[in-house]
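Structure, as structure tokens:
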Amino acid sequence: MQQDALPPNIRVVEFFLTPGAFLHSRHAQRHYLSANYTHVARGVNVIAQLLARRMVNGQVHLSLGSNPDVTADLLPLIAPLRRP
């Protein structure tokens, strides 16, 4: 997306962009969604959660990235879809 070279069958919609990071990306500029975090869960069709794992003093520490608060909001919405 930064190189403005996504295939025509791929569309990425971002609701947060680092200021100035995508000034030269026509795709990013056209598909930016101005949304409040409380509204993010409503339009999601793919969920990906970044997870970092490391050992600290012999104990496993896990760290969630990519706005884990949004993931928590999504779980009740996808629960009915997962039941079948």
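The values are calculated or read from the model by the stated rules, or taken from the named source; none is laboratory data. These numbers were taken from a predicted model, which means no experiment stands behind them. For neighbour counting, all protein chains shown are included, and Cβ atoms are generated from backbone atoms with ideal geometry for every residue, glycine included. Accessible surface areas use protein heavy atoms only, side chains included; no ligands, DNA or RNA. Shrake-Rupley method; radii C 1.70, N 1.55, O 1.52, S 1.80 Å.
Please go through (1) open to solvent by 100 Å² or more (accessible area, probe 1.4 Å); (2) among the polar types (S, T, N, Q); (3) modelled with pLDDT of 75 or more for Asn45 and return the number of the only condition it doesn't satisfy. Failing condition for Asn45: (3).
Out of the residues in segment 49-84 that are modelled with pLDDT under 75 and not in a helix (DSSP H, G or I), which is farthest from the chain's Cα centre (by Cα)? Filtering first and then ranking leaves Gly65.
Per-residue answers, yes or no, for (1) touching a residue at least 40 places away in the same chain (Cβ under 8 Å); (2) more than 26 Å from Gln3 (Cβ to Cβ); (3) open to solvent by less than 60 Å² (accessible area, probe 1.4 Å); (4) not aromatic (Phe, Trp, Tyr):
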position: Ser25; (1), (2), (3), (4): no, no, yes, yes
position: Tyr32; (1), (2), (3), (4): no, no, no, no
position: Arg53; (1), (2), (3), (4): no, yes, no, yes
position: Asn57; (1), (2), (3), (4): no, yes, no, yes
position: Leu64; (1), (2), (3), (4): no, yes, no, yes
position: Asp73; (1), (2), (3), (4): no, yes, no, yes
